[in-house]
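Quick notes on the structure that follows.
The values are calculated or read from the model by the stated rules, or taken from the named source; none is laboratory data. What you see is a predicted model, and the numbers here were worked out from it, not measured in a lab. Backbone-built Cβ (ideal geometry, glycine too); neighbour counts: all protein chains shown.
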């Protein structure tokens, strides 16, 4: 991406998500969207599933978006993006309509974990199968934060939510987090990646790459939530970085080339692969979040922390193997 080489270049690009929105202080979603939109190439249309991002950026009669934007239900953002992309192709084919004059239009779908892992997965999988040329960005705050912090398929094991309360018998959510990015990659679409707001240049590079490929692309971005994860707002980026440094959320890319899915580690995780001593224990990530406080008091639950560490190690080993590092 020639026009954005440094953080200074990034700062000089105009913002397409403006101030004045009502996202919570410390919410990573606004940062993720602002960064993502700096990677766009020109005409851009946003489809936005119901969720925190939607309700906080478009309180009637105001909008924080400086690009065309359409709201749809939790379950159909991928279908909406598919329709926008199909309409653009039809206008180009007959050389008629408001989009016909453009060489390309960047169609981006934004959705949270509820609208991706669960309610919206059918529409997403269908769009992948049909091969629509758009970028889907999942900002994953790991619960239905907009509707009351209920657990989702993206909620980690042992996390407290209002529908997976932590008690003496059941210590939070009992199920493991669904590997949504790997599921997307198994659809054999051109491009899949994971990203973090703690590494802005990596995130922007991946968004541009996702926009440039022909066909569907999917980027899974971890989006710490100060309200649902129970931490001070100023720690958002620290927690996002720790998720990568502990390998709870490793950064990688997957491209479908010559009939196979090819995985590649991104620079922050590549450094850990080269020097395993850099990998921090997952406890450092968990202890900063109130949703995991029951693992540390009134007494420390070494059994559950070790269980989570084993899951992290297993998932990390799987990614290393797919990236050809094992």
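Worth a mention:
- Answer residue from the stretch 17-27, given it is out of contact with any strand residue (DSSP E or B) (no Cβ under 7 Å at 6 or more places or on another chain) and in contact (Cβ under 8 Å) with a residue 40 or more places away in the chain and is surrounded by the most Cβ atoms within 10 Å (Cβ to Cβ) among those: 27
- Among the residues of the stretch 9-33, those identified as at pLDDT below 95 and in a helix (DSSP H, G or I) are 9, 10, 11, 12.
- Residue within the stretch 236-245 that is at pLDDT 95 or above, closer than 30 Å to residue 23 by Cα, touching a strand residue (DSSP E or B) at 6+ places or on another chain (Cβ under 8 Å) and surrounded by fewer than 21 Cβ atoms within 10 Å (Cβ to Cβ) present: yes
- Test for residue 176: is it surrounded by fewer than 20 Cβ atoms within 10 Å (Cβ to Cβ), touching a residue at least 60 places away in the same chain (Cβ under 8 Å) and within 23 Å of residue 282 (Cα to Cα): yes
- Taken together, the residues in the stretch 34-48 that are touching a residue at least 24 places away in the same chain (Cβ under 8 Å) and not in a loop (DSSP other than H, G, I, E, B) amount to 8.
- Against the numbered list (1) out of contact with any helix residue (DSSP H, G or I) (no Cβ under 9 Å at 6 or more places or on another chain); (2) under 17 Å from residue 197 (Cα atoms); (3) at pLDDT 90 or above, residue 53 comes up short only at (1).
- When we screen 315, 283 for residues that are surrounded by 14 or more Cβ atoms within 10 Å (Cβ to Cβ), closer than 30 Å to residue 166 by Cα and touching a residue at least 40 places away in the same chain (Cβ under 8 Å), the only hit is 315.
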